[in-house]
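Colleague: One structure, as structure tokens, below. Some questions next.
The values are calculated or read from the model by the stated rules, or taken from the named source; none is laboratory data. Since we're looking at a predicted model, the values are computed, not measured. Cβ: placed from backbone, ideal geometry, glycine included. Neighbour counts: every protein chain shown. Side chains are part of the model used for accessible areas, which takes the heavy atoms of the whole protein and leaves out ligands, DNA and RNA. Shrake-Rupley method; radii C 1.70, N 1.55, O 1.52, S 1.80 Å.
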Amino acid sequence: DSQGRSDIARQNMSSVAQKVEELLENEGAQGGIGQQVKTIAQQQKQAQGEIGNQLEKLESRQGLMKRLFGADQKAIKNLKQQIEQNQQRIRELQELQNQVINQAEEAQVQELVQALVSQNTALEEQVQAEEKITGVLGWLLKLFS
């Protein structure tokens, strides 16, 4: 159900946020690769806020509004962009992970990558489910947009 998918997406957001904070607090990640990892983690921290906002927009349209107009298409589009940006950060982190010397830092990067992959999976499932909800007037709105 929609609420269950939303809860899973939120749980994954929390996991990503925790992994990001761990990387940002890592004192050993100074200079070189460590600083690049921290920069990506900082970008992800900002992205988490935007992802949360878009999920709230999807969740706020319920009941009659959702049955009439369908899901919030703008929020769906924005979430798809966030998923793509997550994918880019995953690729960057995977490249950097191979260059990290410190095993503890490497493990942290791997944990963040896994959390991001899980988050993307949950977000993609949420988006796919929302896209199926066109609403009675949704098809009419698509004609004019």
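Colleague: What's the carbon and sulfur percent of the chain's accessible surface, probe 1.4 angstrom, rounded to a whole number?
Modeller: 50 percent
Colleague: Which entries of LYS74/LYS132; LYS38/LYS77; LYS77/LYS132 have Cα-Cα distances beyond 24 Å here?
Modeller: LYS38/LYS77
Colleague: How far is helix 73-97 tilted, in degrees, relative to the longest principal axis of the Cα atoms in the chain, given as a value from 0 to 90 rounded to the nearest 10?
Modeller: The angle comes out near 20 degrees.
Colleague: Hey, another quick one. Suppose all protein chains stay in the model; what accessible area per residue would a 1.4 Å probe give for the stretch 76-117, in Å²?
Modeller: 56 Å²
Colleague: Picking from ILE33, ILE51, ILE76, which is most flexible by a Gaussian network model of the chain using Cα springs under 10 Å?
Modeller: Fluctuation is largest for ILE33.
Colleague: Now for a different question. Kirkwood hydrodynamic radius for the chain: how many Å is it when counted over pairs of different Cα atoms?
Modeller: About 16.2 Å, per the Kirkwood formula over Cα pairs.
Colleague: Using the Kirkwood radius built from alpha carbon pairs, what does the Stokes-Einstein equation give as D for the stretch 31-86 at 37 °C and 0.692 mPa s, in µm² per second?
Modeller: It diffuses with D of about 256 µm²/s by this estimate.
Colleague: Rounded to the nearest 500, what is the chain's calculated 222 nm mean residue ellipticity when only DSSP H runs of at least 4 contribute -39500 (n - 2.57) each, over all residues?
Modeller: Theoretical 222 nm ellipticity from helices: -29000 deg cm²/dmol.
Colleague: With charges set only on the Cβ (+1 for Lys and Arg, -1 for Asp and Glu), what does the dipole of the chain come to about its Cα centre, in debye to the nearest 20?
Modeller: Result for the chain is approximately 840 debye, rounded to the nearest 20.
Colleague: Leaving out same-chain residues fewer than 8 places away, which lysines sit with a Cα under 18 Å from that of LYS45?
Modeller: Qualifying lysines at Cα under 18 Å: LYS19, LYS80.
Colleague: Here's a follow-up. GNM, the chain, Cα, under 10 Å: largest mean-square fluctuation among GLY70, GLY34, GLY135?
Modeller: GLY135
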